[in-house]
1. Does residue A:146 meet the test of being buried (at least 21 other Cβ atoms within 10 Å of the Cβ) and either out of contact with any helix residue (DSSP H, G or I) (no Cβ under 7 Å at 6 or more places or on another chain) or part of a strand (DSSP E or B) (or both)?
2. Can you tell me which residues in segment A:64-88 are away from chain B (no Cβ under 14 Å) and in contact with a strand residue (DSSP E or B) (Cβ under 9 Å, 6 or more places away or on another chain)?
3. Would you be able to say whether some residue in segment A:27-34 is out of contact with any strand residue (DSSP E or B) (no Cβ under 8 Å at 6 or more places or on another chain) and not assigned by TED's automatic domain parsing to the domain that holds residue A:113?
4. Restricting attention to segment B:43-54, which residues are out of contact with any strand residue (DSSP E or B) (no Cβ under 7 Å at 6 or more places or on another chain), buried (at least 16 other Cβ atoms within 10 Å of the Cβ) and within 12 Å of chain A (Cβ to nearest Cβ)?
5. Collect the residues in segment B:160-178 that are buried (at least 18 other Cβ atoms within 10 Å of the Cβ) and more than 13 Å from residue B:118 (Cα to Cα), keeping them in residue-number order.
6. Based on what the data block shows, is residue B:141 at negative phi, buried (at least 24 other Cβ atoms within 10 Å of the Cβ) and in contact (Cβ under 8 Å) with a residue 12 or more places away in the chain?
7. Could you tell me which numbered condition residue B:169 fails, if it satisfies all but one of (1) modelled with pLDDT of 95 or more; (2) in a loop (DSSP other than H, G, I, E, B)?
8. Please work out which one of (1) at pLDDT 90 or above; (2) buried (at least 23 other Cβ atoms within 10 Å of the Cβ) is the condition residue B:4 fails and give its number.
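The values are calculated or read from the model by the stated rules, or taken from the named source; none is laboratory data. Fair warning: this is a prediction, and the values are worked out from it, not measured in the lab. Glycine also receives a Cβ, built like all others from the backbone with ideal geometry; neighbour counts cover every protein chain displayed.
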């Protein structure tokens with residue numbers, strides 16, 4: 001018999017292909033349902049155009065099928081809830097900062113903090129970075145380029161001190 | 001992707017063939033717009049004026065193509081085919097994109113003006129779907145709207161930079177606006193059965209209403225930047241019904257060449 005704990009543990013061991021954190025810390029897993037040893041997982045994409053979506057879904061299917069007693073797995077993305085930063089865990093945030101990626105509390109328009117020196121004299125260079133979920137900033141204090149996690153834009157998007 | 005037609009909150013209307021056909025036509029127009037414009041944007045990769053714009057244009061291209069894919073997935077679920085086959089396996093006269101999206105890039109000013117006019121129109125269209133009675137499609141539109149905001153941020157910043165950038169830049173941006181405006185009006189050409197869509201609440205604003213809202217967004221901004229849309233321009237229609245420029249045929253030849261070399265290949 002498959003238990004929810006076993007499924008969530010397996011999911012927590014899957015890394016996001018573009019960020020050094022687990023998909024559970026990123027908040028991609030919306031729901032897990034188990035019915036007669038068939039697992040149904042619903043994922044939320046951060047960005048719909050993210051090229052890693054297929055890779056993540058396939059990895060989730062593969063890992064869950066490998067659990068003992070599993071008879072079937074149904075993994076799909078859902079738009080029932082748009083992804084937001086509220087879904088990221090504190091562990092996820094801490095790991096991203098340790099990796100040198102600044103993380104806003106709620107939205108990109110907040111002032112940024114440099115993950116290297118802690119300065120708040122950090123300015124936006126471009127809202128588009130190496131992946132769809134990262135923007136590029138510059139720290140005027142330690143003079144390092146800084147990457148910042150970019151959530152999909154909520155409400156009125158105002159970007160400060162361009 | 002989740003099959004939205006059979007989602008638990010999908011309205012009963014989607015089980016009616018006429019509604020399905022009308023929603024399919026709308027999704028196909030949206031998908032083809034995003035795919036074709038996404039491809040045009042991607043042609044700037046490696047050639048944009050600075051590295052930030054290069055990365056931005058490439059990211060926007062990736063997002064537009066990603067959005068096209070979600071729409072194609074839904075059509076494919078209905079037709080029993082695949083998103084790849086819809087994107088790469090069709091002839092130009094079956095594409096429903098507006099002509100604006102297929103125009104060659106021209107100079108940077110044209111690409112920025114086109115992106116800006118399109119992004120505003122796309123926002124109005126997505127809002128009309130987001131406010132619709134078609135639960136799962138409305139949820140999808142809300143999700144996409146949040147991503148599109150960043151596209152507008154980029155194209156608007158560039159539009160301002162060019163409009164205020166001296167005679168050569170503002171001259172180029174005005175000429176680009178003269179050329180793109182009639183094509184942009186063509187974005188609001190109705191898809192087949194639009195009346196049905198509005199009647200059943202699948203679209204909270206008709207294309208005409210979307211155009212009105214779009215004009216009330218873009219005209220004041222253009223005015224503030226000293227840019228003048230051409231007066232009395234006739235909309236460039238036909239794209240939604242497969243009437244395209246030879247440019248689309250050339251774009252598709254290039255875009256689909258790898259897929260056509262082996263349509264059964266697994267990637």
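1. The answer is yes for residue A:146.
2. A:64, A:65, A:67, A:70, A:71, A:72, A:73, A:88
3. Scanning segment A:27-34 turns up at least one residue that is out of contact with any strand residue (DSSP E or B) (no Cβ under 8 Å at 6 or more places or on another chain) and not assigned by TED's automatic domain parsing to the domain that holds residue A:113.
4. B:48, B:53, B:54
5. Answer for segment B:160-178, where residues must be buried (at least 18 other Cβ atoms within 10 Å of the Cβ) and more than 13 Å from residue B:118 (Cα to Cα): B:162, B:163, B:172, B:173, B:174, B:176.
6. No.
7. (2)
8. Here residue B:4 meets the rest and fails (1).
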